[in-house]
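Here's the structure we're looking at; comments come further down.
The values are calculated or read from the model by the stated rules, or taken from the named source; none is laboratory data. All values reported here derive from a predicted model rather than from experimental measurement. Reconstructed Cβ throughout: ideal geometry from the backbone, glycine too, with neighbour counts over all protein chains shown.
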Amino acid sequence: MSKIAYFSKEGYEKLKKELQALLDEKPKIAQRIAEARELGDLSENSEYHAAREALALLEMKIHQLQETLANARVLDEELDTDMALILSTVTFENLDTGQETSYTLVSPGEADFSQNKISIESPIGKALLRKRVGDIVEVQVPAGLMRLKIKNITR
């Protein structure tokens, strides 16, 4: 049984484009196989074997993406802002350093630390999930225990 994955509309569309790019690549690899087959003896034809392996890898990626998309759920961006949920942007203060930070909670496939998008499966993401403004959470990270006070939640 496949696991349901939650995505923003943007993340879902990105996966669809990635799948289409892979599907567009498939005829090119099939053409490489046909051209290599014309070269003769297949048992010693390295180009043929490389093209067949590339096709097998491509088909595996296509299958995985199709399965992910089949089990994907696109989230409504108009969800409750009283609680930190997936697609919420949570601003919090590190009580030990006084530093204020904001992260958007996203599915693991959409996480991008450079854009302040963290996975709901990461330690900080798990700690923030379902918390409200004013809550204080403790989260164990590689650098040690962090104490965070939630300041704001937006969509």
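Tabulated data for the structure shown
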{"item": "Some residue of the stretch 97-110 being free of Cβ contacts under 8 Å to residues at least 40 places away in the same chain, under 15 Å from residue 151 (Cβ atoms) and of a type in the set (Phe, Trp, Tyr)", "result": "yes"}
{"item": "Pairs with Cβ under 6 Å, 6+ apart, first in the stretch 50-63 and among the β-branched types (Val, Ile, Thr), second in a helix (DSSP H, G or I)", "result": "62/22"}
{"item": "Single unsatisfied condition, residue 124 versus (1) surrounded by 13 or more Cβ atoms within 10 Å (Cβ to Cβ); (2) in a loop (DSSP other than H, G, I, E, B)", "result": "(2)"}
{"item": "Scope the stretch 138-149; condition of a type in the set (Val, Ile, Thr) and touching a Leu at 6+ places or on another chain (Cβ under 7 Å); matching residues", "result": "139"}
{"item": "Unmet requirement for residue 132, which otherwise passes all of (1) outside the structural domain of residue 15 (by TED's automatic domain parsing); (2) surrounded by 13 or more Cβ atoms within 10 Å (Cβ to Cβ)", "result": "(2)"}
{"item": "Subset of the stretch 112-121 [surrounded by 19 or more Cβ atoms within 10 Å (Cβ to Cβ) and either in a strand (DSSP E or B) or basic (Lys, Arg) (or both)]", "result": "117, 118, 119"}
{"item": "Any strands (runs of 3 or more DSSP E) falling wholly within the stretch 1-110 and containing at least 3 residues that are surrounded by 15 or more Cβ atoms within 10 Å (Cβ to Cβ)", "result": "5-7, 89-94, 100-106"}
{"item": "Filtered residue count, the stretch 87-127, keeping only those that are farther than 19 Å from residue 73 by Cα and touching an Asp or Glu at 6+ places or on another chain (Cβ under 9 Å)", "result": "8"}
